[in-house]
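Note sheet for the following structure.
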Amino acid sequence: MQVNSINAYRTTPLHFQGKDNKSNGLKNAAKATILATALTAAAPMYQSCDKLTGDFVHNHYLKLPTDTFTKEELVPTPVPPQIIFIEKEVPGKTDTVIKRDTTYLPGDTIYKNDTTIIEKPPVIIHDTLRIPGDTVFIKDEWDSDVPPKQEEIYEDLGIIPNGDGKFFISESYYDEKNNQFVQRHLHGQGSSRDGKILVYNIIKTTWDDEAEGVVLGKNEEFEKQLVYLSEDGNDLGIKIMKPKVDIGVSNNNQQSNWQVFETGTLSTPDAWQDGESFFMQNHGGVVDMTNGFKLQQGKTDQSVTTINPYDSEWELTDWNVIKGDPD
């Protein structure tokens, strides 16, 4: 795998992929751990591909991968170190100015107090974040239909990956709205052998006001994402998994706590519960999501603009997407 050892960027969040498995009935559906409710607009029985909402909705049931690899089957694949430049906008404080005006009326003098609110401009705090190199583990000669669809999404959003290989092994970005640095690593041992379901471990590190920057190893949230293709292969799906219990982990090593996914409370499948599910459709520069959000090319290089269902938008900046294979 060939990658540049250092990448400088600002960040924003997102990863996409999806696959749809049919259920064998309500009995199996009750046992399923993943419920993705989505509109398959590309199927003939559904409405136009341009319409992501409508009366024709069906449910897709998907189980967590059980046919997975053992640790011994996996090959270490390096994720290179990075240098990331992050900016946070701190709203300017307001000052109250009391101004006394003198107004003269016939035969009298009136003094009145006039209170003026002055809005100060926002302050921009700059932070340089150094991400140490890491390692993900994936199976040698492993194959999947998911990465080509991921590639299409990245291309539509103007995101240029770094490195060679079949798989997107790592992704990071900064979410300007939520002030979070987001990292995603491919979890080869948790993904399915047939490559139909790729599993990613996610760490979201929130800006530390006291440190005036992002401190790796602190203020972390943990997620898993299942990435797959829709049944017809036209859409990318993503299933978010949340921990069943809150995990408070912190270190002073300036390194993210990836070990929580391998040992301890979050290392077993029963530690996770269903979160949001959605599919993504790319339409030449705009990615429509079945949860009502849209994504499009951002205002700067390697960034993405997120638009919510109420037409509010914000930037996901400085994406760093790394492709790789076992060396």
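The values are calculated or read from the model by the stated rules, or taken from the named source; none is laboratory data. Note that the structure is a prediction, hence the values are computed from the model and not measured. Please note: Cβ atoms are built from the backbone with ideal geometry, for glycine as well, and neighbour counts cover all protein chains shown. Quick note on the areas: whole protein, heavy atoms, side chains included, nothing else; ligands and nucleic acids left out. Shrake-Rupley method; radii C 1.70, N 1.55, O 1.52, S 1.80 Å.
When only the Cβ of Lys, Arg, Asp and Glu is charged (+1, +1, -1, -1), the dipole of the range 210-327 relative to its Cα centre reaches about 100 debye.
With the simple spin-label model, which puts each label point 7 Å out from Cα in the Cβ direction, the Glu141 to Phe85 separation comes to 4.6 nm. Packing, taken as the mean count of other beta carbons within 10 Å per residue, orders the peptides 116-124, 130-138 from highest to lowest as 130-138, 116-124. Between Lys177 and Glu313, the simple label model (points 7 Å from Cα in the Cβ direction) yields a spacing of 1.2 nm.
As a fraction of the 1.4 Å probe accessible area of the range 180-327, surface on carbon and sulfur atoms comes out at 42 percent.
In the context of the full set of protein chains, the range 161-226 has a per residue accessible area of 30 Å² (1.4 Å probe).
Spin-label model, Arg193 to Thr268: label points 7 Å out along the Cα-to-beta-carbon direction sit 2.3 nm apart.
Taken along its three principal axes, the alpha carbon spread of the range 187-327 comes to 44, 41, 35 Å, from the longest extent down to the shortest. Each other residue within a Cβ distance under 9 Å of Thr205 adds +1 if Lys or Arg and -1 if Asp or Glu, for a net charge of -1. Scoring 64-73, 270-279 by mean Cβ neighbours within 10 Å over their residues and listing the highest first yields 270-279, 64-73. Full extension of the chain segment joining Glu151 with Asn251 gains 32.5 nm, where the gain is 0.36 nm per residue of separation less the Cα-Cα distance. Note that the range 246-327 presents 50 Å² accessible area per residue, ligands and nucleic acids not counted, probe 1.4 Å.
Sorting the segments 214-223, 244-253, 181-190, 141-150 by their residues' average number of neighbouring beta-carbon atoms within 10 angstrom, most packed first, yields 181-190, 214-223, 141-150, 244-253.
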